[in-house]
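A.B. asks: I'd like to ask you about the structure that follows.
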Amino acid sequence: MLHLLLSRFIPDFPPLRLINYISVRAAAAAVTALLLSFLIGPAIVRRLRAMRVRQVIRAGTPDTHQSKGETPTMGGLIILACSIIPTLLWTRLDNRYVLLALLVTVWMGGIGFLDDYLKLKQKREGKKNEGLVERYKLAGQISIGLIFGFILWKYPVSTLPGASTTMPFVKYVLIVPAAAGLAWLYVPFTTFILTGVSNSVNLTDGLDGLAAGLSAIAIVTFALFAYVMGRVDASAYLQLFYLRGAGELTVYCMALTGACIGFLWYNAHPAQVFMGDTGSLALGGAIGAIAILLKSEFLLLFIGGVFAMETMSVIIQRVAFKIRKRRHGLEYAQKHRVFLRAPLHHHFELKGWKETQVVVRFWILGILCAFVALTTLKLR
């Protein structure tokens, strides 16, 4: 929007040509998101506190978290507002990459908002705080996955086949299930990615600043991939598939990154507000959508390595518990858990790590995972 408006004045004021550079608009989007979070963040936090939109402490959470029951949630509204507005201002709104990424982000954020709202309503009515019924939440996630996958399959956004993906560490190898008459498998594949990543970020959102920091690290890494893959010269030099128009995702990624960093201002320990499902599902949906649009789904195992570890800890804990319960009984299963508590960040809390130690150390792991992902640019 702002990009289109300013471009009209380029003939009269040549320095405005800078806005044609993706790098300039990406930086502008990040700064805009950050400043916007400083402007509207306090008002949103005050409003949520006045509405008594408080965090629901889940059963099984470490005792040190009980005091967080007075902290407002649904702070993901800050992330949504501070990423969407800069995106509308600084991106080319005719770019399908950006429009599809926005669609997924808003849809997932809407599911999370409904879940958070129902938890609040149930709490006020004295009912059990379960929020949106799990099967309805999952249905919403699967629905956008099916829609997103079908659009990419039937109406590709690049010159590459819509139903295709690439492999890290391999030069110019494109996996095309259509070659085997299995193009339709791409739709459930994208659905699995979107649902899995959004739930992974949701599981990780258990400590002050953890999910927001890791999301910022993952998204800025994808911003680099989007920038490279959207340039003819850079993609050719690094032997990547060129995705025309994908560079515009860099601007969107940087807007999200700025919003996450701005949110950390209020979410750093001790948190003034939590993102809730509104923020975690939106961020997870955005990360999954960006990976799919860049044909880099398998890179999620590296870029989102910490999210994957958190999810696997929950799966391992539940599977092991069920097996031991069946073989040895409930009491034995409860005393012989794989982790002291899942997700993994709670395990380390109970091992004696302070909350801030867990968060910073997981951030460091996230940065290391990002570096590993970046090595795939050259190790091909």
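The values are calculated or read from the model by the stated rules, or taken from the named source; none is laboratory data. This one's a predicted model, so the numbers in the text were calculated from it and none came from an experiment. Virtual Cβ from ideal backbone geometry, glycine too; neighbours counted across all protein chains shown.
A.B. asks: With the requirement that a residue be within 19 Å of D94 (Cβ to Cβ) and small (G, A, S), what does region 223-246 give you?
C.D. replies: Within region 223-246, A226, G230, G245, A246 meet the criteria.
A.B. asks: Hey, any hits in region 208-218 for a residue that's closer than 29 Å to K354 by Cβ, touching a Lys or Arg at 6+ places or on another chain (Cβ under 9 Å), acidic (D, E) and outside any helix (DSSP H, G or I)?
C.D. replies: Yes: region 208-218 contains one or more residues that are closer than 29 Å to K354 by Cβ, touching a Lys or Arg at 6+ places or on another chain (Cβ under 9 Å), acidic (D, E) and outside any helix (DSSP H, G or I).
A.B. asks: Taking M254, is it at pLDDT below 95, closer than 17 Å to S83 by Cα and crowded, with 24+ Cβ neighbours inside 10 Å?
C.D. replies: no
A.B. asks: What are the residue pairs meeting all of these: first residue in region 150-172, first residue in contact (Cβ under 8 Å) with a residue 40 or more places away in the chain and over 15 Å from M229 (Cα atoms), second residue of a type in the set (G, A, S) and assigned to a loop (DSSP other than H, G, I, E, B), Cβ atoms under 9 Å, and 6 or more apart or on different chains?
C.D. replies: From region 150-172, the pairs are I151/G162; L152/G162; L152/A163.
A.B. asks: Find the residue count for region 317-340, including only residues that are small (G, A, S) and modelled with pLDDT of 85 or more.
C.D. replies: Looking only at that region, the number is 2.
Matching residues to (1) among the small types (G, A, S); (2) in a loop (DSSP other than H, G, I, E, B); (3) modelled with pLDDT of 75 or more; (4) closer than 29 Å to M254 by Cβ:
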position	(1), (2), (3), (4)
A27	yes, no, yes, yes
A33	yes, no, yes, yes
S37	yes, no, yes, yes
A43	yes, no, yes, yes
L48	no, no, yes, yes
T61	no, yes, no, no
T64	no, no, no, no
I79	no, no, yes, yes
C82	no, no, yes, yes
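A.B. asks: With the condition being surrounded by 22 or more Cβ atoms within 10 Å (Cβ to Cβ), I'd like the helices (runs of 4 or more DSSP H) fully within region 259-366 carrying at least 2 qualifying residues.
C.D. replies: The helices (runs of 4 or more DSSP H) meeting that bar are 276-293, 300-303, 305-328, 344-350.
A.B. asks: Moving on to the next point. Within region 328-351, identify whether any single residue is over 30 Å from T105 (Cα atoms) and acidic (D, E), and answer yes or no.
C.D. replies: Yes, the conditions are met somewhere in region 328-351.
A.B. asks: Shifting gears a bit: Please pick out the residue among L138, L120 that is more than 20 Å from T87 (Cβ to Cβ), assigned to a helix (DSSP H, G or I) and at pLDDT below 90.
C.D. replies: Testing whether each residue is more than 20 Å from T87 (Cβ to Cβ), assigned to a helix (DSSP H, G or I) and at pLDDT below 90 leaves just L120.
A.B. asks: With the condition kept exactly as written, say whether any residue in region 215-227 is surrounded by fewer than 23 Cβ atoms within 10 Å (Cβ to Cβ), under 18 Å from L160 (Cα atoms) and at pLDDT 95 or above.
C.D. replies: The answer is yes; a qualifying residue exists.
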